Amino acid sequence: MTSPPRIKYERRHRIHAKRLALFCLALLLGGEFILVAMTSPWFLVHKIEVKGASKTTREQVMQVVETAKNTNLFRLKPRPLVELLQRNPLIRKATIHKAPPGTLIVQVTERAADLVLRTDGKCYLVDSSNVPFKTVDNPPSGLTLITCDLPGKVTLGHSINSAQFRSARKCLDLARKKKNFAASEISVDRNGDLCLNTCDGLEVRLGQPVQLADKLEKVEQAIAQIPVIRKDAEYIDVTCPQEPAFKPKRTY
């Protein structure tokens, strides 16, 4: 019998022991670092940066996140703050990042107005997800106005799902694809009938929210084929898209 196998075993055992010792040392040092980091005043939050917010929204954001000041950066849990921020109707999305030694970076994405809803005597800015987020005294220029009665109360920050609003929104989405007219206002009456007003003052009676694509196509064709219809017609009626009609303005 020869002794080399035993020597190899002893060497291998010494190498494993060194690795274990180094691992334990690293673990100990890591634990010490974490302990120091979580108790050191060096890592207290002393600066908060807010990005992507307007002046008004920034003030509201700071009211929420200022509670994090003088909190240890490693002990701070961003999620509760993010949830509080996203309860603000003006904010669509918020994220919080930690930047050692003591900075919080708050990134905010604000809601952008896609249309104006007028209901129950009030006007609301509504984003592309059908979420109302702000009341205004008067509809801003450049945004389509949707006027309809809603069965329930409008809650800022919560999507609108009523049938009347959905039909008007669908009509607006289809109208935006047209090249020779643009919608300035869409109204829905109590019977659910739709009426669209173009930016140049032409009234389009659409009736019930069925075959909307066909009805708007008939409107586009009529405007293209009879350009004077914009100024000579009191309204276009495409309630029945197979038999479109228009009423001339009265002449005196």
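Only the coordinates and a few stated rules stand behind these numbers; no lab work does. Nothing here was measured: the structure is a model prediction, and the numbers come from that model. Cβ atoms come from the backbone with ideal geometry, glycine included; neighbour counts cover every protein chain shown.
For labels at ILE229 and GLN208 in the simple 7 Å Cα→Cβ model, what's the distance in nm?
2.3
Cross-link list LYS77/LYS134; LYS170/LYS215; LYS93/LYS122; LYS218/LYS247; LYS179/LYS215; LYS51/LYS93: which exceed 19 angstrom alpha carbon to alpha carbon?
Going by Cα-Cα distance, LYS77/LYS134; LYS93/LYS122 fall outside the 19 Å limit.
Give a quick list of trypsin sites (Lys or Arg not before Pro) in region 42-77 that DSSP marks as loop, anything other than H, G, I, E or B, with at most 12 other Cβ atoms within 10 Å.
The qualifying sites are ARG75.
Dimensions of region 86-149 along principal axes (Cα, Å, largest first)?
Per principal axis, max minus min of the Cα coordinates gives 52, 21, 20 Å.
Counting just the Cα atoms, what span does region 42-110 cover along each of its three principal axes? Round to the nearest Å and put the largest first.
Sorted from largest, the Cα extents of region 42-110 read 34, 20, 16 Å.
Zone of GLN60 (label point 7 Å along Cα→Cβ, backbone N under 18 Å): which residues in region 138-158?
In region 138-158, the label zone of GLN60 (backbone N under 18 Å from the point 7 Å along Cα→Cβ) covers 138, 140, 154-158.
Across bins of 5 angstrom width beginning at 0, how are the C-alpha pair distances of region 115-248 distributed, in whole percent?
2, 11, 22, 23, 18, 12, 8, 4, 1
If you filter region 195-252 for trypsin sites (Lys or Arg not before Pro), then keep DSSP loop positions with at most 12 other Cβ within 10 Å, what is left?
Sparse-neighbourhood loop trypsin sites (Lys or Arg not before Pro): LYS249, ARG250.
Take the Cβ-Cβ distance between LYS179 and ILE105 as r, set R0 to 51 Å, and report the resulting FRET efficiency rounded to the nearest 0.05.
Calculated transfer efficiency: 0.70.
What are the equivalent ellipsoid semi-axes of region 143-187, built from the alpha-carbon gyration tensor (square roots of five times its eigenvalues), in whole angstrom, biggest first?
Here the semi-axes work out to 23, 10, 9 Å.
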